[in-house]
1. Could you list, in sequence order, the residues of region 37-74 that are among the β-branched types (Val, Ile, Thr) and open to solvent by less than 20 Å² (accessible area, probe 1.4 Å)?
2. Would you check if there is a residue in region 319-339 being among the aromatic types (Phe, Trp, Tyr), within 16 Å of the ligand (Cβ to nearest atom), within 18 Å of Thr228 (Cβ to Cβ) and crowded, with 20+ Cβ neighbours inside 10 Å?
3. Can you find a residue that is under 19 Å from Glu312 (Cβ atoms), hydroxyl-bearing (Ser, Thr, Tyr) and out of contact with any strand residue (DSSP E or B) (no Cβ under 7 Å at 6 or more places or on another chain) anywhere in region 242-256?
4. Identify the single condition in (1) modelled with pLDDT of 95 or more; (2) closer than 23 Å to Pro138 by Cβ; (3) within 14 Å of the ligand (Cβ to nearest atom) that Lys262 does not satisfy, given that it satisfies every other one.
5. Check off (1) within 13 Å of the chain's Cα centre (by Cα); (2) closer than 14 Å to Leu277 by Cα for Ala244 and give me the number that stays unchecked.
6. Against the definition (surrounded by 15 or more Cβ atoms within 10 Å (Cβ to Cβ), touching a residue at least 40 places away in the same chain (Cβ under 8 Å) and part of a helix (DSSP H, G or I)), how does Glu314 come out, yes or no?
7. Got a sec? Which strands (runs of 3 or more DSSP E) wholly within region 155-254 have at least 1 residues that are open to solvent by 50 Å² or more (accessible area, probe 1.4 Å) and within 12 Å of the ligand (Cβ to nearest atom)?
8. Looking for whichever is modelled with pLDDT of 95 or more and either within 16 Å of the ligand (Cβ to nearest atom) or under 23 Å from the mean Cα position of the chain (by Cα) (or both) here; the options are Val284, Val289. Which one fits?
Amino acid sequence: MANNGSVLVTGASGYIGSHSGYDVVALDNFTNCVQGPNGESVALRRVEEITGKKIVFYPCDLLDVDFLKKIFEQHNIASVIHFAAMKAVGESMQFPLLYYKNNLIGMINLLEMMKEHNIFNLVFSSSCTVYGEPEKLPITEENETGKNVTNVYGRTKYFVEEMLRDLSKADERWNIIALRYFNPVGAHKTGKIGEDPTKPFTNLMPFISQVAIGKKDIVTILGDDYQTPDGTGVRDYIHVMDLATGHVSAMNKLEKGKFGIKFYNLGTGKGVSVLQLIKTFETVNKVKVPYVILPRREGDICEMYADPKLAENELGWKAKHTLEEMCADFWLWQTLNPNGYKLDTAHTNGH
Ligand code: WQD
């Protein structure tokens, strides 16, 4: 894919640049990923090993407008993929101001800097959480958003979506795609890069994997009294590499022409329960994952899964990886990196 400029990737996980054929300028503030001893991003360094491509990286926080300005002035940026946001549901309820400041002000700073440099192509990392408790399943992009959102994190994603809608109405130069991820799991097939939150995590898959490897004792299943086939919560788990190709498809669409703003679900269209995920993980990886049933977690939704047809029709994108691959790839990452990216001298400046 020829491109006459760089792609700025905020909150860079690095998957996209390594698969996009674009030159990537990456930034991250290290609040939830490991910083190497020389201030570099350990994850991106591994991406360079995998791809043999250099990635320009800056330890920049989107709240640092002066640093952000320098990056825009030093590079010929043609488009932006915006991942950077805090995303822990529980933490967002404890520290709402931190989440609004980081996720909203950070976005506003980025948008202002883009406008100042005449850059209007944006892929925004949104979330299925904007749908709240779905009125109908499977969830299409026509489902109402914002009304039943149950947590601050989800509200920041919803507010940013509304901000982007208003922006594209006010100024036709904006060309935006918001990708609503369902539940990202899995890792790169090499096992070199994967999910390694430096903050306490609450997501299911890392728990399953850490119990399987013996770093945690038991998985707590949060509720088995939902109106689902086995009573446990149902989600649409999607391989992180399918998310990566979804972003490349979105970038390609932005390059083909202007359309204002569009929203797409990135999901498989298949609902999987907590128990099903645990059993699949055990079978695929030949491990045991003991669990205990506890009461529901406040704010949890019973069942969510996508109708991914719009992205298939308009982006030419479809999730390809199976649940078994998600479990196998996550386990490969876990077993090859029992301590994630942690280095002896690594540090993060997590809040
Ligand atoms: C999945 C299922 C839990 C932990 C969150 C964000 C969402 C998105 C994905 C970014 C639910 C159950 C969980 C545990 C359990 N993130 N569970 N025991 O809450 O669906 O979504 O991550 O885009 O925006 O809200 O993910 O992995 O926490 O929960 O039984 O220890 O597993 O009840 O049914 P969730 P999750």
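The values are calculated or read from the model by the stated rules, or taken from the named source; none is laboratory data. Predicted model only: the values in this text are computed from it and were never measured. Cβ sites come from the backbone with ideal geometry, for glycine too, and all protein chains shown count toward neighbours. To get the accessible areas, we keep the full protein, side chains included, count just its heavy atoms, and leave off ligands, DNA and RNA. Shrake-Rupley method; radii C 1.70, N 1.55, O 1.52, S 1.80 Å.
1. Looking only at region 37-74, we keep the residues that are among the β-branched types (Val, Ile, Thr), and these are 42, 47, 50-51, 55-56, 65, 71.
Residues satisfying the conditions are Val42, Val47, Ile55, Ile71.
2. For region 319-339, residues among the aromatic types (Phe, Trp, Tyr), within 16 Å of the ligand (Cβ to nearest atom), within 18 Å of Thr228 (Cβ to Cβ) and crowded, with 20+ Cβ neighbours inside 10 Å: absent.
3. So far as region 242-256 goes, yes, one or more of its residues are under 19 Å from Glu312 (Cβ atoms), hydroxyl-bearing (Ser, Thr, Tyr) and out of contact with any strand residue (DSSP E or B) (no Cβ under 7 Å at 6 or more places or on another chain).
4. Among (1) modelled with pLDDT of 95 or more; (2) closer than 23 Å to Pro138 by Cβ; (3) within 14 Å of the ligand (Cβ to nearest atom), Lys262 violates only (3).
5. The single condition Ala244 does not satisfy is (2).
6. Values: surrounded by 15 or more Cβ atoms within 10 Å (Cβ to Cβ): yes; touching a residue at least 40 places away in the same chain (Cβ under 8 Å): yes; part of a helix (DSSP H, G or I): yes.
Here the answer is yes, as Glu314 does meet what is asked.
7. On the way: elements: 175-181, 183-185, 219-222, 237-239.
Hits in region 155-254: 183-185, 219-222.
8. On inspection, the qualifying residue turns out to be Val289.
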